[in-house]
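In what follows, a structure is listed as structure tokens, so that the remarks can point back to it.
The values are calculated or read from the model by the stated rules, or taken from the named source; none is laboratory data. Computed from a predicted structure; not experimentally measured. Quick reminder, even Gly has a Cβ in these numbers, built from the backbone with ideal geometry, and neighbours come from all protein chains shown. Side chains included, ligands, DNA and RNA excluded: accessible areas come from the protein's heavy atoms. Shrake-Rupley method; radii C 1.70, N 1.55, O 1.52, S 1.80 Å.
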Amino acid sequence: MVQIPNIKALGDRMRRRGTGWVLVWLALMLGLCVPYFESTRNANERPRLLQAMALVDGGQWSIDGPTSRGLDPGPDVSRSRVDRHLYPNKPPGTTLAAAVGYRVARATADERGPTLRRFTVWARVFGGFLPTVVLCGVLLRRYAAMFGPAVGAGAIVLYALGTPAASYAHLLYGHQLAAALLCPGVLLLVDAGQAEAAGASGRLPAFAGGLLAGAAVGVEYGAVFAALPIAGLLLVRGLRPGGLGVLLAGLAGALVPVGALALYHARIFGSALSTGYHHVTNAEFAAKHGQGLLGLGLPRWDAFHTHFVSADGGLVWWAPTVVLALYGLAQASRSRDELAAEARVHLALLVLYGLIVSSLSFEGGWRVGPRYLVVVLPSLCMGWAVVLSQVRTSIFGMGFFTLLATYAVLVNGLAANLWPHCDLTNIHQPVAEVLLPLWEHDREPYDLLRIAIGRSGLRLVIVGSVVGTWVVLVSIGEGGLRMAGAMIIGGLLGLLLVYATRLVEPHPMGTRNLAYIERIWEPPAGGTAPSHRLGPLEPSGEPLVGGGSSSRR
């Protein structure tokens, strides 16, 4: 049985140990490097960027007007039967974050307007980076109080740096923003039920939790499936004295953003239940989404293999520590203490989404790992905390944990900071065929450290992420020199495991794929690549002459 230590004492220890500095370090590791490649057409980001410009410059949601400034929206678009205009096929929540980024990009640009690169980077800050940092802060505070500051920090570090969340924190895909809304919403709903059971009012936390969880659906349609385990939790609570109020408050909170999304659908696509996926313009996408329920059918082994165990995009290859987290959640779910309810919800979310991705008719396009699972990856944190709290005195346990964590942090760090959108069509093993060669060829992304002092921040991020993870794990272990020695050995074996990915047979087109990536690499040696200029609009709404030309900043 997992015991909860005294919360007040742990809070005091957390302040003394400076756990807040862990969050600062995570923000630096996630934010210093800026991978950006304008020659690639990121199908997930482009229509959202165009919609953000249309919303700010023209007060409209369609993306095929003058505010697009001649940019190609890509294949992830839908055509409305109401007005025949083009719209993103995704929900509009991420657009709102991108709109904030666009306003900042315009405010920090000269009179010629921002470049596409500047806009994209700011949109990613508000749609990926900042939500991830805030989410890590929420989880760090919670699990440091439950399990101790060192264990709590270790769990959050594994999530932020050792899963594909690191890559999606650098992108405007929407998955991280949805995760940053859904997970705190679930935690508030759990706390609301426990508050009612303790005799306090949980209705306000329940309303806030429902509001956040519902908002996640406005960012990513797939977040709606989280309603099943959440509903189960609320129904169980609702059967207890005072529980009905919590259930209704959570439902009322969720209806606010879900109702707003329904109004968006009704206005744009003619029906509250008609999503962008019902009106996609790309024939291939339409065929896949037309199978079953918007692409969902019965679970299949090949889909499970794709998302969990395949060498190119399987979660176990990108985050092998997921197995330990699932074990920890299963243990906590069987306990009889206060952790059980939360652990059961997290485990239910992970199992449910595992079944969902195993039922999809499509794989996810450009991605690092199974991107449709990113929305529930924060649920792994509690499982890691449970396991770390149990093995902290085990030399073998901490050594094995360090091995897997080292591998996970290194491969995800390389992907997040070098090439976070692998096209797996021509790749068998992304680490071996793309990431390690880019690292060995001294390819570097844009980075804030180079802007500030002229030195590359890539090696600082990669080495700092791995060494920082080791420091956090060492602070957890309680076994003296023998424990430290086992963890050093585990770390070295983790590094070797990264290079062992080269044992996977490469794709026949892998060399050509790598050559393309290096050909369009940004920034070029000794300079800054040109970027499309998003010039101001005339009062008529048309772009000014020359406003869309490429230029160097």
If amide H atoms are modeled at 1.01 Å from N in the peptide plane, then the residues at a separation of 5 or more from Cys422, or on another chain, having amide H under 5 Å from its own are Arg367, Val368
Phi-derived 3J(HN,Hα) across segment 527-541 with the Karplus relation (6.51, -1.76, 1.60, θ = phi - 60°), rounded Hz, x for Gly and Pro, is x, 10, 6, x, 9, 4, 8, 9, x, x, 9, 6, x, 6, x
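Can you order the peptides 103-110, 142-149, 70-77, 321-328 by their average number of other Cβ atoms within 10 Å per residue, highest first? All intermediate terms of the calculation are to be shown ahead of the outcome.
On the way: 103-110: 15.1, 142-149: 23.6, 70-77: 17.5, 321-328: 21.4.
Packing proxy ranking, top to bottom: 142-149, 321-328, 70-77, 103-110.
Can you sort Arg124, Arg482 by solvent-accessible area, 1.4 Å probe, largest first?
Result of the area sort, largest leading: Arg482, Arg124.
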Amide H neighbours of Thr115 at under 5 Å, excluding residues fewer than 5 places away on the same chain, with H built from the backbone geometry, are Leu534
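What net charge do the residues around Leu32 carry, taking every other residue with its C-beta under 14 Å from that of Leu32, with Lys and Arg at +1 and Asp and Glu at -1?
Numbers: positive: Arg124, Arg450, Arg455, Arg459; negative: Glu444, Asp447.
Its environment carries a net charge of +2.
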Output ordering of 444-450, 426-432, 513-519 (per-residue mean of other Cβ within 10 Å, highest first) is 426-432, 444-450, 513-519
For segment 51-122, the convex hull over Cα atoms projects on average to an area in nm² of 4.9 nm²
Ranked output for segments 368-376, 268-276 by mean other Cβ atoms within 10 Å, highest leading, reads 368-376, 268-276
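Using a cut-off of 14 Å between beta-carbons, work out the net charge of the residues near Ala223 (Lys and Arg +1, Asp and Glu -1, Ala223 not included).
Values: positive: Lys90, Arg371; negative: Glu220.
Taking every other residue near Ala223 into account, the sum is +1.
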The correct ranking of Trp301, Trp122, Trp61, Trp384 by accessible area at 1.4 Å, largest first, is Trp301, Trp122, Trp61, Trp384
The base-10 log of I(q)/I(0) that the Debye equation returns for the chain at q = 0.08, 0.10 Å⁻¹, one scatterer per C-alpha, is -0.52, -0.83
With only helices counted (DSSP H, runs n ≥ 4, each -39500 (n - 2.57)), the per-residue ellipticity at 222 nm for the chain, to the nearest 500, works out to -18000 deg cm²/dmol
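Net charge near Ala332: determine it from the other residues with C-beta under 12 Å of the C-beta of Ala332, scoring Lys and Arg +1 and Asp and Glu -1. Display every interim value, and only then the final one.
Values: positive: Arg334, Arg336, Arg344; negative: Asp337, Glu338, Glu342.
Charge balance in the 12 Å sphere: 0.
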For segment 404-421, Karplus-derived ³J(HN,Hα) couplings (6.51, -1.76, 1.60; θ = phi - 60°; whole Hz; x for glycine and proline) come out as 5, 5, 4, 4, 5, 5, 5, 5, 6, x, 5, 5, 5, 9, 10, 8, x, 9
For segment 319-386, the Cα-Cα pair-distance distribution in 5 Å bins from 0, as whole percents, is 3, 18, 26, 22, 15, 9, 4, 2, 0
For the chain, averaging the sequence separation of alpha carbon pairs under 8 Å that lie six or more residues apart and dividing by its residue count, the contact order in percent is 19 percent
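Rounded to a whole number, what % of the accessible area of segment 44-121 do carbon and sulfur atoms account for, probe 1.4 Å?
Details: 1320 of 2660 Å².
Heavy-atom surface of segment 44-121 belonging to carbon and sulfur, 1.4 Å probe: 50 percent.
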Computed from every Cα-Cα pair in segment 75-202, P(r) in 5 Å bins starting at 0 and rounded to whole percents is 2, 10, 14, 15, 15, 14, 11, 8, 5, 4, 2, 0
Ordering Arg41, Arg459 by the accessible surface of their heavy atoms, 1.4 Å probe, largest first, yields Arg41, Arg459
Measure of exposure for Trp317: accessible area at 1.4 Å probe, Å² rounded to 10, is 80 Å²
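Where does segment 80-142 land on Rg(C-alpha)/(2.2 N^0.38 Å)?
1.45
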